[in-house]
1. Please work out which one of (1) farther than 23 Å from residue 115 by Cα; (2) at pLDDT below 85; (3) surrounded by 10 or more Cβ atoms within 10 Å (Cβ to Cβ) is the condition residue 69 fails and give its number.
2. Return the residues of segment 33-48 that are within 13 Å of the chain's Cα centre (by Cα) and either modelled with pLDDT under 95 or in a loop (DSSP other than H, G, I, E, B) (or both); say none if nothing qualifies.
3. Name every residue in segment 74-87 that is touching a strand residue (DSSP E or B) at 6+ places or on another chain (Cβ under 8 Å) and either over 14 Å from residue 114 (Cβ atoms) or surrounded by fewer than 16 Cβ atoms within 10 Å (Cβ to Cβ) (or both), in order of residue number.
4. Tally up the residues in segment 98-111 that are farther than 16 Å from residue 65 by Cα and touching a strand residue (DSSP E or B) at 6+ places or on another chain (Cβ under 8 Å), please.
5. Just checking, how many residues over segment 88-113 are closer than 19 Å to residue 36 by Cα and exposed (fewer than 11 other Cβ atoms within 10 Å of the Cβ)?
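The values are calculated or read from the model by the stated rules, or taken from the named source; none is laboratory data. Computed from a predicted model, the values in this text were never measured in an experiment. Here the Cβ positions follow ideal geometry from the backbone for every residue, glycine too, while neighbour counts run over all protein chains shown.
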């Protein structure tokens, strides 16, 4: 019984750390690419991302990308609960629309460009503030 009392604080600390996962609320926040989906005329498949590409949706509607993703977009607007438009710098057209879904209580973001003929998407995980 004494051993259980000594273990109790440890178990509580571990449980609290697991529940302290950092999720984004809506699109706002930093996201890291984890997988990409491509379907070149077949059923398609998710593939593991190899780099550490990140994107950031800022509360002032500006947008940042570590790798030029989404045609070097500089901002975004939310069209509705399933679609957004990236604002492109000096390109025609001046926006690029994507479907988006947020899953896993804000831990996962999936972006799918509108008009991608063969099927394509990027999957991101929420990044804890202050992390790379």
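1. Checking residue 69 against (1) farther than 23 Å from residue 115 by Cα; (2) at pLDDT below 85; (3) surrounded by 10 or more Cβ atoms within 10 Å (Cβ to Cβ), the one that fails is (1).
2. Keep residues of segment 33-48 that are within 13 Å of the chain's Cα centre (by Cα), which gives 33-36.
Correct list: 36 only.
3. Of the residues in segment 74-87, the ones touching a strand residue (DSSP E or B) at 6+ places or on another chain (Cβ under 8 Å) are 74-79, 82-87.
If the condition is that a residue be touching a strand residue (DSSP E or B) at 6+ places or on another chain (Cβ under 8 Å) and either over 14 Å from residue 114 (Cβ atoms) or surrounded by fewer than 16 Cβ atoms within 10 Å (Cβ to Cβ) (or both), then 74, 75, 77, 78, 79, 82, 83, 87 are the ones that fit.
4. Looking only at segment 98-111, we keep the residues that are farther than 16 Å from residue 65 by Cα, and these are 99-108.
Pick out the ones that are also touching a strand residue (DSSP E or B) at 6+ places or on another chain (Cβ under 8 Å) and you get 99-103, 106-108.
Counting residues in segment 98-111 that are farther than 16 Å from residue 65 by Cα and touching a strand residue (DSSP E or B) at 6+ places or on another chain (Cβ under 8 Å) gives 8.
5. We begin by selecting, within segment 88-113, every residue closer than 19 Å to residue 36 by Cα; these are 96-104, 106-113.
Imposing the further condition that a residue be exposed (fewer than 11 other Cβ atoms within 10 Å of the Cβ) reduces the set to 103.
So the count comes out to 1.
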